[in-house]
Amino acid sequence: MRRRRFALLSIAIAVILSSLLTPPTATAAAGEVVKRRLVTAIEKLPGAAETRSGYDREKFRHWVDADGDCRDTRDEVLAAESLVSVSGCDIQTGKWRSSYDGATTRDSTAFDIDHMVALAEAWDSGAKRWNADTRERFANDLRDPRTLVAVSASANRSKSDQDPADWLPVLGKCRYLRQWVAVKTRWHLTVNPAERRALRSQAADCGNGVIEVRRATVRIASSSGHHGNSGGLDPRYDYCYQAQAVGYGPYHQGQDPEYDWYTDGDSDGIACE
C-alpha cells in the first residue's frame, strides 16, 4: 500500500514539474469566455511598464482579406457598421456615425477604422513578444466587434496611440472604457500604473456592469536567445517561480526585455530575484 501511494505521489509530482518546466507556446486561457464586473476586470489586467523600443507599424500586417470574399478588414468593418445596406468589395458609400464624436458621413473616406487599442499601445503592452501571426490576427480582429471601430478621421487622429489616461472620446466615455478593458482582456495585454489609475477613476462613473470576452489565442515568438545582454528573449512564464525553475531570471530594468512581464515587488529595478 505504501509503495502504491508513493508511486501515485511520484506521478503527481512529475505532472506538476512538467507543467512548470515546459515553455508555453500559447496562453493557457485561449478560447476561455471571461465574464467579469468592470471594476474586477480592470483589477485583473496584468500590470507592467510600457516600452516602445522596436515598434514598427509594419510588424502588424493589417487590412487583409482573411476570408477571401474580396473585402479586406477595413471594408468588412465599414459594411458591418453602416446604418444602411452596402454592396461591392471596396465600400465607398453607406452611412456611418462615429461613436467618438457623433459625426456622420455617407463617404467612407471621411472615416478611419480605429484599433480600439492602438497598434503601438498593443506593442507596448505585450505584442512586442507575439509572433507575426498573432500580431496579424490582432490587427484584423473581426471576431470581437470591440477591437475595430469605424470613427471619424478627426477623432481617430486626435486619439492617435494614446491610452485612456491621456485621451477619451467626447461621447460615450463609459462605452469606450468598457471596450478598452474588453480588448485588453481578450488579447492578454498589460496596463501600466497610470493607465490602471485612470481606468479605476473613470469606472467610478460608469456603473459596474458585466464585461464578457472570449480570450484570443496569443503565441509568443520563438527565441534562441537567453536573458541579459544577448538580445534574445526567454519564453514568457505566468509567474517568476516558473521562469526560475528552468534557470531564467533575474531580469534587470533597461537591460532585459523580459523585465516588463514581471512584477518588481520592491521596485529596485530587478524582477524575479
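The values are calculated or read from the model by the stated rules, or taken from the named source; none is laboratory data. Just so we're clear, the structure is a prediction, and the values are computed from it rather than from any experiment. Positions of Cβ are generated from backbone atoms using ideal geometry, with glycine treated the same way; all protein chains shown enter the neighbour counts.
Consider Ala243 carefully, then state whether it is modelled with pLDDT under 75, in contact with a Gly (Cβ under 9 Å, 6 or more places away or on another chain) and outside the structural domain of Leu177 (by TED's automatic domain parsing). Yes: the conditions hold for Ala243.
Residues that are on the phi > 0 side of the Ramachandran plot and assigned by TED's automatic domain parsing to the domain that holds Asp114 do not occur anywhere in region 36-43.
Looking at Arg135, Arg129, can you tell me which residue is on the phi < 0 side of the Ramachandran plot and at pLDDT 95 or above? Please lay out each step first, then the result.
Working: Arg129 fails: at pLDDT 95 or above.
The conditions single out Arg135.
List the strands (runs of 3 or more DSSP E) that sit entirely inside region 25-142 and contain at least 2 residues that are more than 28 Å from Ala204 (Cα to Cα) and in contact with a Leu (Cβ under 9 Å, 6 or more places away or on another chain). Walk me through it before giving the result.
On the way: elements: 33-37, 93-97, 104-107, 111-115.
Passing ranges, in order: 93-97, 111-115.
Looking across region 138-169, just one residue is out of contact with any Ser or Thr (no Cβ under 9 Å at 6 or more places or on another chain), within 20 Å of Gly102 (Cα to Cα) and either in contact (Cβ under 8 Å) with a residue 60 or more places away in the chain or not assigned by TED's automatic domain parsing to the domain that holds Asp72 (or both), and that is Pro145. Here Trp63 clears all of (1) in contact with a Ser or Thr (Cβ under 6 Å, 6 or more places away or on another chain); (2) surrounded by fewer than 19 Cβ atoms within 10 Å (Cβ to Cβ); (3) on the phi < 0 side of the Ramachandran plot except the condition numbered (3).
Does Lys159 count as within 17 Å of the chain's Cα centre (by Cα) and closer than 18 Å to Arg52 by Cα?
Working: within 17 Å of the chain's Cα centre (by Cα): no; closer than 18 Å to Arg52 by Cα: yes.
Here the answer is no, as Lys159 does not meet what is asked.
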